[in-house]
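Notes follow the structure.
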Amino acid sequence: MRHMILRAVAAAAFAAAAAMPAAAQDDVGLPLGTQAPNPSVFTLDGKPASLGAYIGKTPMLIEFWATWCPNCRELRPTMDAMARKYGKQIQFVGIAVSVNENPERVKKFVAKYDLPGVNFFDTNGDATDKYAAPATSYVVVVNRAGKIVYTGVGGKQDLEAAIKKAL
């Protein structure tokens, strides 16, 4: 019962945050300069995975998203444009939050919209917790050394400037 209440509270918080206008950038979630955490996530086929395969090896852009998130939909064209432009220089990683989601719905959404990069499901909320994700549409950019160089939330983010900080 407690788990169900916590999920309901988390769902309400994520939904409220997703409906808010874009926040100021570089001042949400983890502080800049922080070493990127290595949370446990799952592939969309349900296999355990880790962001450690990328951290400290390549620059990364991580987006915490959900199929129901309006800010994520607004951010999608920018994400797609950045993936086309910088996809060979930076690893795009999608972390689908588990609030009001399931892996099958996320898998279908990723296929339907051809989301860039690799996508994972945050089954246990480990990535959400370790990255201090304040909402969906939360973007974290990590440089090659594994340090966070940008954080932002909302449908309007200057992702090109953020990516340039990591390159």
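The values are calculated or read from the model by the stated rules, or taken from the named source; none is laboratory data. Bear in mind the structure is a predicted one, so any value in this text is a computation, not a measurement. Neighbour counts run over all protein chains shown; Cβ positions are idealised from the backbone, glycine included. Accessible surface is based on the protein model in full, side chains and every heavy atom, while ligands, DNA and RNA are left aside. Shrake-Rupley method; radii C 1.70, N 1.55, O 1.52, S 1.80 Å.
Details
- Shape analysis of the stretch 16-160 places it in the rounded category; the axes a ≥ b ≥ c from the Cα gyration tensor give an a/c below 1.5.
- Among the trypsin sites (Lys or Arg not before Pro) in the stretch 54-157, those located in a DSSP loop and surrounded by at most 16 other Cβ atoms within 10 Å of their own Cβ are Lys57, Lys88, Arg144, Lys156.
- Shape of the stretch 28-101, Cα gyration tensor, a/c cut at 1.5: rounded
- C-alpha center-to-center spacing [the stretch 135-149, the stretch 41-82] in angstrom: 10
- For the peptides 60-69, 74-83, the ranking by packing is 60-69, 74-83, with the highest mean count of neighbouring Cβ atoms within 10 Å listed first.
- Average accessible surface for the stretch 47-167: 42 Å² per residue, computed with a 1.4 Å probe over protein heavy atoms with every protein chain in place.
- At full extension, Lys156 and Tyr113 could sit 13.6 nm farther apart than now, given 0.36 nm per residue minus the alpha carbon distance.
- Of the accessible area of the stretch 49-139, computed with a 1.4 Å probe over protein heavy atoms only, carbon and sulfur atoms account for 51 percent.
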